[in-house]
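Worksheet: the structure to be examined is printed underneath.
The values are calculated or read from the model by the stated rules, or taken from the named source; none is laboratory data. What you see is a predicted model, and the numbers here were worked out from it, not measured in a lab. The area values use the complete protein model at the heavy-atom level, side chains included, leaving out ligands, DNA and RNA. Shrake-Rupley method; radii C 1.70, N 1.55, O 1.52, S 1.80 Å.
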Amino acid sequence: YLLDKSDKYDSRDVERLQQDDKWVENYLIWRHDVVDDTLKMIDESFQWRKEYTVNDLSESVLPKWLFEIGALFLHGYDKEGYKLFWFKVKHHTRDPKQQLDKKKLVAFWLEHYAKRDHGKPLTVVFDMAETGISHIDLDFVRFIVNCFTDYYPNFLTKIVIFEMPWIMNAAFKIVKGWLGPDAISMLKFTNKSDVQEYISGEYLPPHMGGTDSFKYSYPPLVDDDFQTPLCENGPITNEDEHESKEELDADTKETGELNEAQNLNQKKMNSIEHISKSEETDKTEVRPKNAKKALTTFKGPLLHISPAEELYFGSKETGEKKCLIVLTNVTKNVVAFKVRTTAPEKYRVKPSNSSCEPGTSLDIIVSLHGGFSASLQDRFLIMAAEMDQSSGAGAPELTQFWKDVPRTKVMEHRLRCHVIESSKPSSLTLKDNAFNVPAKTNEDLHIELTRLLQINKRLEEQMNRCLWFQQLSVVLSLLSVTVAAFCFYLAYAQRS
């Protein structure tokens, strides 16, 4: 393929394919480990990626009005913890002149999410409330379907279609013809009474029977609903994306206290050669009791972050409400960082807005506030940016730094929450580690689970075929017996 079509591929995609095993594996999983089909899919998707310049799509190259109408955006999670990709169909109208830009907008969002969350699957929601015949655009729908079936492997969990008008039934029969059997099984037709089987009310708007007060607006680019940095003494009250004066004051105060404490510690180190045992005890008590060295590490360009993917909190029964994030500065400059969350009312973080010296590690303690418990839908965002040597690390300097730093220079890493129901699994993990047995990551478990589900699905299909043949055999046997009995009856009647 490379020899014949190298000019049809983006060299960045080829390089990534040679280095990213998970990407290759996702193609194989999506094509049921059939190598020829996998190669064909890679070839088609790579040609498509170059045609649509997917690697270079950004806000600046797309018309601003596309973002402003709010037809496509990412927001919230389904009941399984997968990100929701919303298509507000009522905001879409057919226009051949705008079609290419709209298709590029779909590609932009998918690529944006794939790079941000390393290809984690998502759930598509077609909100078809208040739609009619003028909103039917089969070419655009086919493009969306092709994105998931041909271009983004193993990227789709399900398609939730809300209140599809009866007039569109015929159109969706055509759409089903484009989908393979795997994709057809992912279609979930819902209405207000049953949509919460898949998405909880907290992420559904009122017209879908939910309580989500989210209202789309642009700018900024709609992303995860990460709030402003958490303060150390409890959750902030203002949940707006832009920092209010009170939040800045809180950041200033917390950073000032931290720097003050660091200065005092430095003076003590200069005057005292050894730390007393009581001071060592105080220091260890700051770390949560259940804090352990993380087994996995995300290696970013500015910071190495442990754990790499998930923060493990205990359930109400276990009572474990603290966990640890370890940041290691791998640059030669000071790195400023912030911690945000999708649930600011639940958590407090210490420190949450500070800086890390070159070559040093820093512990961040995340604790649940009050009587709250962790949820699988909760997310944390760690933002980091490199500071100049001449820049100070005090509160005023940090505040100004975050106002001025370009978004392109900010490293972002996201962490999910995981709730441990009992302490037994963690002890088993430690035991395995003690014998140098590598622990499986969540990604490995996800891949294995996907394979098992696919094998199970194939077995079900085979069983269904067997049952169908069995029923057919029974019917034919009964029919044969009936015909034979009828023939005997006729013969007996003739003799009589």
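Using the structure shown, select from Lys50/Lys88; Lys120/Lys457; Lys79/Lys321; Lys102/Lys158; Lys50/Lys79; Lys102/Lys192 the pairs with a Cα to Cα distance greater than 32 angstrom.
Working: Lys50/Lys88 27 Å; Lys120/Lys457 22 Å; Lys79/Lys321 23 Å; Lys102/Lys158 22 Å; Lys50/Lys79 35 Å; Lys102/Lys192 28 Å.
Table pairs above 32 Å Cα-Cα are Lys50/Lys79.
With a 1.4 Å probe and every protein chain left in place, work out the accessible area per residue of segment 11-54 in Å², rounded to a whole number. List each step's numbers first, then the result.
Details: 2400 Å² over 44 residues.
Per residue, segment 11-54 has 54 Å² of solvent-accessible surface.
With all protein chains present, how much of the accessible area of segment 298-419 (probe radius 1.4 Å) comes from carbon and sulfur, to the nearest whole percent?
On the way: 2570 of 5140 Å².
The computed percentage sits at 50.
Kindly give Rg over Rh for segment 1-113, based on alpha-carbon atoms, with the Kirkwood expression for the hydrodynamic radius. Walk me through the numbers on the way to the answer.
On the way: Rg = 16.4 Å, Rh = 16.2 Å.
My calculation of the ratio gives 1.01.
If each residue of separation counts as 0.36 nm, what is the full-extension length gain between Lys173 and Arg142 once their alpha-carbon separation is subtracted? Working shown, then result.
Working: separation 31, 0.36 × 31 = 11.16 nm, distance 1.23 nm.
Separation in residues times 0.36 nm, less the Cα-Cα distance, equals 9.9 nm.
Can you run phi through the Karplus equation (6.51, -1.76, 1.60; θ = phi - 60°) for segment 338-354 and list ³J(HN,Hα) in whole Hz, with x for Gly and Pro?
Per residue, the Karplus-derived 3J(HN,Hα) values read 9, 10, 10, 8, 7, 10, x, 6, 9, 10, 10, 10, 9, x, 10, 8, 7 Hz.
Quick one: order Asp137, Asp388 from most to least accessible surface, probe 1.4 Å.
Numbers: Asp137 15, Asp388 105 Å².
Sorted descending by solvent-accessible area, the residues read Asp388, Asp137.
Over segment 298-419, with the other protein chains present, what is the accessible area per residue in square angstrom, probe 1.4 angstrom? Present the calculation step by step, with values, prior to reporting the outcome.
Working: 5140 Å² over 122 residues.
Normalised by residue count, the accessible surface of segment 298-419 is 42 Å².
Just subtract the alpha-carbon distance of Thr93 and Lys22 from 0.36 nm times their residue separation and send over the number in nm, one decimal. Can you show the working numbers first?
Values: separation 71, 0.36 × 71 = 25.56 nm, distance 3.72 nm.
Answer, rounded to one decimal: 21.8 nm.
Hey, can you grab everything whose amide H is under 5 Å from the amide H of Glu310? Only 5+ residues off in sequence or another chain; H modelled, so Pro and N-termini drop out.
Distant-sequence amide H within range of Glu310: Arg416.
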